[in-house]
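Every number here is computed from the coordinates shown, using simple stated rules; none is lab data. All figures in this text were calculated on a predicted structure; none of them were measured in a lab.
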Amino acid sequence: MATRIESDVEKLARSTLDEGGFTSVEAEVSGRHLSLKGPLAQKPAVVAVRTARAATWAGRFPFAAGVSWVSRDEVSEASANSTAPPQPVLDAAAKTPSARPEPTAGGRAVRWADLTLSLHNGRFQVDGTVNGEAQRALIEARAEAKRTPPRISDIAVHLEVEPTVDLPSDLVLRALEGLALCYAGDARFRRGDLVFDCLAPDERVAGIRSLVSEPPPAEGRIAGLFVRGVRAEVPED
């Protein structure tokens, strides 16, 4: 399911493409990153999307963190001429194959735990599943500690305890701490992988990236780390 950020970026991209006459160009979204695909003649769509601006409460900013282009003509030609098996997609940060084996316990399949952290309009929210009461209590306590009105004035935690694969607690807490330093964003754990995507003050970008990714996590994996900086004077407290 697409996050709120991805839905917003997709709508803005579609509107920009249609207004520019690029109706045959397809847009795929991952966080704030866009992959455009279409006939080679439509490649100027990349410039249109990269230069487009969206109005936010912090000012007007580019709505896409990155825009890549795939020519539909080139893809078709390459597919027709290639006999090599498809290669696994590489993680944006970890650079390791993103395919993960299904977890098992005692020969039986076990569900992956899903967790989503989000920060929007002063509300810090945590939703998903965890494997035990101890981890739920730890996440709830850490989230509650991030209440710093008026920047973060509302905390909502909705976690269910279910028999799932344990979430990597260290990486979960890194994501929580990093997200609390952003203006807005989301951190999602899916199939044991973290995708972190947020908008933050310019001076915090490097620190947030380091906080989330260094040292490399002993457990879990970072599949995407996108921290966009903005230059705008926004009241912190």
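Per residue, the convex hull spanned by the Cα atoms of the stretch 187-227 amounts to 51 cubic angstrom. A straight chain from Glu144 to Arg14 at 0.36 nm per residue would run longer than the Cα-Cα distance by 43.1 nm. Remark on the stretch 133-237: hydrodynamic radius 14.5 angstrom, per the Kirkwood mean of 1/r across alpha carbon pairs. For the pair the stretch 112-191 and the stretch 208-225, the centres of their Cα atoms are 16 angstrom apart. Net length available on complete extension from Arg190 to Arg4 is 65.4 nm, with 0.36 nm assigned per residue and the Cα-Cα distance removed.
Each residue of the stretch 21-30 is assigned a 3J(HN,Hα), and the resulting list reads x, 9, 6, 8, 8, 9, 10, 10, 10, 9 Hz, derived from the Karplus form 6.51 cos²θ - 1.76 cosθ + 1.60 (θ = phi - 60°), x at Gly and Pro.
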